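**Student:** The structure is given below, and queries will be raised subsequently.
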Amino acid sequence: MSKILVSACPLGDPVRYDGQARHLDSAILDELRAAGRVVPFCPECAGGLGVPRPAAEIRGGDGDAVLDGRARVVTEAGADVTAAFVAGARAALALCREHDIRVAVLTESSPSCGSRRVYDGSFTRRALAGAGVTAALLRRQDIAVYNPFEIAAARRQLFRA
Ligand code: SF4
């Protein structure tokens, strides 16, 4: 039975940097969970970061640039947390391989989970087009990454996979 990786925070886990969850009210998600197809995951927690933790943004590009060593993930105070973000991305990929997961639904705009946009490192809520570190790494391995607004498309992909 094909499974889907889902960011832990929209599933109600209070793992965000501010200690909150971001519950996603979705009949499709409920259906997939009831069927035992959802594998929840928080890359930043898996990378060793605590809850709560300082907000972080990618400075110098997007998740692909981080993976290529051309950008860093930093907190507003300037701490470099790149290693934790890359470790979390690798843990996500390992989990996908363990469960033969080919589809993911990840929270938008996060420096880990964002799949279409990420904040630009200025901590002014300005965003640029691009993926977070985990989304970028999964896509490099041909795992389809969607955001929560695209969950219907993710479900179609899951049943095709
Ligand atoms: Fe949610 Fe992803 Fe941030 Fe974890 S890393 S809190 S799963 S958006």
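**Student:** Scan the stretch 95-106 and report the pairs whose first residue is more than 16 Å from residue 36 (Cβ to Cβ) and whose second residue is assigned to a loop (DSSP other than H, G, I, E, B), with Cβ atoms within less than 6 Å and a gap of 6+ or a chain change.
**Tutor:** 96/143; 102/143; 102/161; 104/143; 106/113; 106/115
**Student:** So if I check each of 105, 133, 118, which one is under 19 Å from residue 3 (Cα atoms) and within 13 Å of the ligand (Cβ to nearest atom)? Outline the logic, then answer.
**Tutor:** Details: 133 fails: under 19 Å from residue 3 (Cα atoms); 118 fails: under 19 Å from residue 3 (Cα atoms).
Within the list 105, 133, 118, the selection yields 105.
**Student:** Given the condition without any contact (Cβ under 8 Å) to a residue 60 or more places away in the chain, assigned to a strand (DSSP E or B), open to solvent by less than 40 Å² (accessible area, probe 1.4 Å) and away from the ligand (no atom under 14 Å from the Cβ), answer yes or no: does some residue in the stretch 61-74 qualify?
**Tutor:** Taking every residue of the stretch 61-74 in turn, at least one turns out to be without any contact (Cβ under 8 Å) to a residue 60 or more places away in the chain, assigned to a strand (DSSP E or B), open to solvent by less than 40 Å² (accessible area, probe 1.4 Å) and away from the ligand (no atom under 14 Å from the Cβ).
**Student:** For the stretch 136-161, give me the residue count where each residue is within 16 Å of the ligand (Cβ to nearest atom) and part of a loop (DSSP other than H, G, I, E, B).
**Tutor:** Initially, the stretch 136-161 is screened for residues within 16 Å of the ligand (Cβ to nearest atom), giving 136-139, 143, 145-151, 154.
Imposing the further condition that a residue be part of a loop (DSSP other than H, G, I, E, B) reduces the set to 143, 147.
Within the stretch 136-161, residues that are within 16 Å of the ligand (Cβ to nearest atom) and part of a loop (DSSP other than H, G, I, E, B) number 2.
**Student:** Still on this structure, I have one more. Which of (1) open to solvent by less than 40 Å² (accessible area, probe 1.4 Å); (2) part of a strand (DSSP E or B) does residue 96 not meet, given it meets every other one?
**Tutor:** (2)
**Student:** Taking into account only those residues within the stretch 12-49 that are near the ligand (Cβ under 9 Å from one of its atoms) and not in a loop (DSSP other than H, G, I, E, B), which is most open to solvent (accessible area, probe 1.4 Å)?
**Tutor:** 40
The values are calculated or read from the model by the stated rules, or taken from the named source; none is laboratory data. This structure is a prediction, so every number in the text was calculated from the model and none was measured. Glycine gets a Cβ as well: all are built from the backbone with ideal geometry, and neighbour counts include every protein chain shown. Side chains included, ligands, DNA and RNA excluded: accessible areas come from the protein's heavy atoms. Shrake-Rupley method; radii C 1.70, N 1.55, O 1.52, S 1.80 Å.
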